[in-house]
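Taking it in order: structure first as structure tokens, then the write-up.
The values are calculated or read from the model by the stated rules, or taken from the named source; none is laboratory data. This one's a predicted model, so the numbers in the text were calculated from it and none came from an experiment. Positions of Cβ are generated from backbone atoms using ideal geometry, with glycine treated the same way; all protein chains shown enter the neighbour counts. Ligands, DNA and RNA are stripped out before the accessible areas are found, and what is left, the full protein with its side chains, is counted by its heavy atoms. Shrake-Rupley method; radii C 1.70, N 1.55, O 1.52, S 1.80 Å.
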Amino acid sequence: MSSEIRFTDFKSDKQPTWCPGCGDFGTMNGMMKALAETGNDPDNTFVVAGIGCSGKIGTYMHSYALHGVHGRALPVGTGVKMARPDIEVMVAGGDGDGYSIGAGHFVHAVRRNVDMTYVVMDNRIYGLTKGQASPTSREDFETSTSPEGPKQPPVNPHALALASGATFIAQSFSSDALRHQEIIQEAIEHDGFGFVNVYSPCVTFNDVDTYDYFRDSLVDLKEEEHDPTSREDAKDVILDNEKEHQGVIYKDESSVPYHEQHGVDEDMSVIPDGAPESATDLVREFY
């Protein structure tokens with residue numbers, strides 16, 4: 001770890017209002033530790049958050065941050081990275097924010113291979129709106145608005161990512177602090193779009209996908225005969241509906257991030273005074 005930066009430097013002075021025991025506490029701690037471990041500091045880090053319980057994370061972390069609108073965190077993160085390719089961009093969201101209204105943006109951020117880290121706190125429920133079925137809820141998951149379950153298969157975010165051309169796909173568990181940090185760190189160090197889905201249990205509205213359930217069910221790919229550089233191995237893991245996995249599922253070691261592919265290497269956040277003459281001429285042509 002950097003001798004100058006500690007993970008506590010990423011803590012803001014705002015106290016989290018998450019429910020006691022929320023998995024998002026562990027998710028955030030792992031993010032902060034991974035940022036410090038990779039030599040980043042609050043002055044070169046930009047956190048973009050969506051809407052939902054996960055969306056509060058930008059307030060609780062000390063860095064540049066923007067709390068965006070529902071499902072739109074990834075395009076904001078893309079814009080930040082294009083304007084300032086030199087800074088570390090981390091986007092945080094939830095399963096509802098990322099895989100429902102934000103699913104289209106997820107696909108395109110993945111295929112562009114923008115060099116940022118996307119951490120999704122997946123609790124398999126809408127928590128902030130008090131317990132409705134989310135895109136990753138089980139088919140028979142009963143809630144007050146779906147008393148017989150949603151009766152549709154859950155979204156498989158890893159499959160969606162792989163089909164969209166992802167270069168880094170991983171799964172972690174917020175309660176397994178060390179492994180969670182290691183996995184987030186690998187995503188940060190990856191040259192390209194680092195996608196990490198995090199099992200982050202909701203202790204208030206989801207009594208099925210609990211801490212005990214994941215502790216009993218998780219299979220760590222680090223302990224299996226799994227080659228994360230193999231797309232075939234990745235497909236086998238992703239399409240295995242009988243197990244819950246943890247670890248790096250797929251990693252393309254030859255990945256070239258979007259800004260390098262297109263020669264974006266300068267600070268474009270400073271806009272010179274006055275509009276370009278060509279833009280002014282275009283306006284005059286129509287108005």
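The average projected area of segment 1-123, computed from the convex hull of its Cα atoms over all directions, is 7.1 nm².
Pairs exceeding 23 Å between alpha-carbon atoms, taken from Lys56/Lys235; Lys81/Lys235; Lys33/Lys56; Lys56/Lys222; Lys11/Lys130; Lys81/Lys251: Lys56/Lys235; Lys81/Lys235; Lys56/Lys222; Lys11/Lys130.
Residues within the reach of a label modelled at Leu239 (point 7 angstrom out along Cα to beta-carbon, backbone nitrogen below 19 Å), restricted to segment 130-162, are 153-162. Relative to the 2.2 N^0.38 Å rule of thumb, segment 229-287 has a C-alpha radius of gyration ratio of 2.23.
Taking amide H positions as modeled 1.01 Å from N, with prolines and chain starts lacking one, the residues under 5 Å from Thr136 and 5 or more places away or on another chain are Val155. Can you give me the Cα centroid spacing of segment 22-44 and segment 240-257 in angstrom? Result: 21 Å between the Cα centres. Given the chain, what percent of its DSSP beta bridges are antiparallel, to the nearest 5? The answer is about 20 percent antiparallel. Checking every one of the GluC sites (Glu not before Pro) in segment 126-218 against DSSP loop status and a limit of 12 other Cβ atoms within 10 Å picks out Glu139, Glu148.
Stokes-Einstein diffusion of segment 105-162 at 25 °C, 0.890 mPa s viscosity, Kirkwood radius from Cα pairs, rounded to a whole number: 191 µm²/s.
I'd like the carbon and sulfur percentage of the solvent accessible area for segment 50-150, probe radius 1.4 Å, heavy atoms only, ligands and nucleic acids excluded. The nonpolar share, carbon plus sulfur, comes to 53 percent.
Within 10 Å of each candidate Cβ there may be at most 12 other Cβ atoms; applying that plus a DSSP loop requirement, which trypsin sites (Lys or Arg not before Pro) in segment 117-226 survive? Answer by residue number: Lys130, Lys151.
For Ile249, the residues whose modelled amide H falls within less than 5 Å of its own, excluding neighbours fewer than 5 places apart on the same chain, are Ile169, Ala170, Gln171. The string of couplings for segment 87-104 from the Karplus curve (6.51, -1.76, 1.60, θ = phi - 60°) is 9, 7, 10, 10, 10, 10, x, x, 5, x, 4, x, 10, 10, 5, x, 4, x Hz, one whole number per residue in order, with x for Gly and Pro. How many angstrom separate the Cα center of segment 187-237 from the Cα center of segment 73-142? Computed from Cα coordinates, the inter-centre distance equals 16 Å. Couplings for segment 142-149, taken from phi via the Karplus curve 6.51 cos²θ - 1.76 cosθ + 1.60 with θ = phi - 60°, read 8, 9, 5, 9, 9, x, 10, x Hz in order; Gly and Pro are left as x. The slack between Asp267 and Leu66, meaning 0.36 nm per residue of separation minus the straight C-alpha distance, is 70.5 nm. Close amide H partners of Tyr118, meaning residues 5 or more places away or on another chain with modelled amide H under 5 Å apart, are Val91, Gly194, Phe195, Val196. Remark: spin-label model distance Asn44-Asp86 equals 0.9 nm, labels positioned 7 Å along the Cα→Cβ axis. Mean silhouette area of the chain, derived from the convex hull of its C-alpha atoms and averaged over all directions, reads 17.9 nm². In percent, rounded to a whole number, the relative contact order of segment 30-120 is 29, using alpha-carbon pairs under 8 Å and six or more apart. Placing a label point 7 Å from the Cα of Thr145 along the Cα-to-Cβ direction, the residues of segment 50-94 whose backbone N falls under 18 Å of that point are 51-55, 70-72, 94.
Distance between the pseudo-spin-label points of Asp207 and Thr129 (7 Å out from Cα toward the beta carbon): 2.3 nm.
Placing Leu239, Leu282 in order of accessible area, with the largest value first and a 1.4 Å probe, yields Leu239, Leu282. Rounded, prolate or oblate: which fits segment 137-287 when a ≥ b ≥ c are the square roots of the eigenvalues of the alpha-carbon gyration tensor, with rounded for a/c under 1.5 and prolate only if a/b beats b/c? Verdict is prolate for segment 137-287. Heavy-atom accessible surface of segment 165-255, averaged per residue, reaches 46 Å², computed with a 1.4 Å probe. Relative contact order for segment 166-275: 33 percent, from Cα pairs under 8 Å spaced at least 6 residues apart, divided by residue count. A simple spin-label model places the labels of Arg6 and Thr229 3.8 nm from each other, with each point 7 Å out along Cα-to-Cβ.
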